[in-house]
Amino acid sequence: MTGVTLNLQQQMRTDMNTNIATMKQRDLFPIRTVASKTGVNPVTLRAWERRYGLIKPARTAKGHRLYSQQDVDRIKQTVSLLDRGISISQVSKNLETEPPENTQTTAHSCDTWTAYRAQAIMAIIRFDENQLNLLYNEALSLYPIDVVTEHMLLPLLVSLGERWANSDGSIAEEHFFGAFMRNKLGARLHHRHWTPTGKKLLVSCMPGEHHEIGTMLFTLAAHDHGFRIVYLGADMPLRELVLSAKRAACDAIVISSSIDPHQHILAHELPGLVNSSRYPVIIGGQTSIRCAEAIKRAGAHAIGTRIRESIRRMDEILHD
């Protein structure tokens, strides 16, 4: 009887330990769930762990990473610091005592992005696709795409435009960089590794807008933040968007534009789109700043040009 009792006690302890382990594991998140919660892709999360020790996730018996809520909060704190311009190499020094929102970025953090942009400009001037590719991949391995967009890619587009305007550069440079970015961003859009479960967006450019790099950057960032995307690309007639959104069962129509649309579009076509659509119509890009009043009169929402802020605003609109 004693042996039977001991066996029962051992079995009860084993079952209790198994239940405790199971309960603990329920409080942990796999890497793709964490990517959805934070907007930081799995490749970057692994780099932060491997190169900087910023996160130390638990592991399953098979070696898969599991993150606690504390890890998720730490990742969000890291993103907040990066968004202010702090370099990834300096983040660990700031994590425990995160500075207030108006803290000035350090000279080191400014130098990091200045160096990235200067090296990229030199690669573009030399039409050196290999070097440009190395810089782009390195930045994306260390920073979320919207941080790379904010501090590297969008300033590069501005610099190239200024070089052309000042006769220091050429149209060929802009076309070279544009083709490079379309290829890279198109590949990233095509090979998205995880499926978000959030609201579905129909994304296109305004009629007459042929420069879609900014739209593609926004689309990738929105995907990383958990939105589902139907991407239509450049120069899309507004009259076709309602039916497309209906067929795709979308939750919103998002239109990007950096040019000033024809007055007829803002005064008639956009209000017509809003009135015939049961979905919110959201406008981003420079047009949403320069033509904010006309967009508001049409019944649409203007969300600006800063990607992270635009996504936050869009999330608010869809959850009102």
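The values are calculated or read from the model by the stated rules, or taken from the named source; none is laboratory data. Because the structure is a prediction, the values reported are computed rather than measured. Because the Cβ atoms are built from the backbone with ideal geometry, glycine has one as well, and the counts that use them run over all protein chains shown.
Summary table
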quantity	calculated
Boolean, D224 is without any contact (Cβ under 8 Å) to a residue 40 or more places away in the chain and either within 17 Å of A300 (Cα to Cα) or not assigned by TED's automatic domain parsing to the domain that holds I31 (or both)	no
Which numbered condition H264 misses (of (1) farther than 20 Å from L153 by Cβ; (2) surrounded by 15 or more Cβ atoms within 10 Å (Cβ to Cβ))	(2)
Some residue of region 295-314 being of a type in the set (S, T, Y), part of a helix (DSSP H, G or I), at pLDDT 95 or above and touching a strand residue (DSSP E or B) at 6+ places or on another chain (Cβ under 9 Å)	no
Of all residues making up region 196-219, the number that are surrounded by 23 or more Cβ atoms within 10 Å (Cβ to Cβ) and over 17 Å from F177 (Cβ atoms)	8
Residue count, region 127-178 (criterion: buried (at least 19 other Cβ atoms within 10 Å of the Cβ) and either within 17 Å of the chain's Cα centre (by Cα) or among the basic types (K, R) (or both))	15
Qualifying residue in region 229-244 (condition: in contact (Cβ under 8 Å) with a residue 60 or more places away in the chain, crowded, with 18+ Cβ neighbours inside 10 Å, on the phi < 0 side of the Ramachandran plot and in the same structural domain as R306 (by TED's automatic domain parsing))	no
Criterion violated by K93 - all others in (1) charged (D, E, K, R); (2) in contact with a helix residue (DSSP H, G or I) (Cβ under 7 Å, 6 or more places away or on another chain); (3) modelled with pLDDT under 80 satisfied	(2)
Conditions (1) of a type outside the set (V, I, T); (2) in a helix (DSSP H, G or I); (3) modelled with pLDDT of 65 or more: number failed by M12	(3)
Cβ pairs under 8 Å, 6+ apart, first in region 306-320 and within 12 Å of H225 (Cβ to Cβ), second part of a helix (DSSP H, G or I) and of a type in the set (G, A, S)	I307/A221; R308/A221; I311/A221; I311/A222; M314/A222
Members of region 35-64 that are buried (at least 19 other Cβ atoms within 10 Å of the Cβ), within 15 Å of A221 (Cα to Cα) and not small (G, A, S)	T38, V40, N41, T44
Within region 274-298, tally of residues that are crowded, with 21+ Cβ neighbours inside 10 Å and more than 27 Å from the chain's Cα centre (by Cα)	1
Region 56-79: number of residues that are over 20 Å from the mean Cα position of the chain (by Cα) and within 24 Å of D146 (Cβ to Cβ)	5
Extreme residue, modelled with the lowest pLDDT, among residues of region 23-47 that are touching a helix residue (DSSP H, G or I) at 6+ places or on another chain (Cβ under 7 Å), of a type outside the set (V, I, T) and assigned to a helix (DSSP H, G or I)	K37
Members of region 217-234 found to be within 8 Å of the chain's Cα centre (by Cα) and among the hydroxyl-bearing types (S, T, Y), listed by number	T219
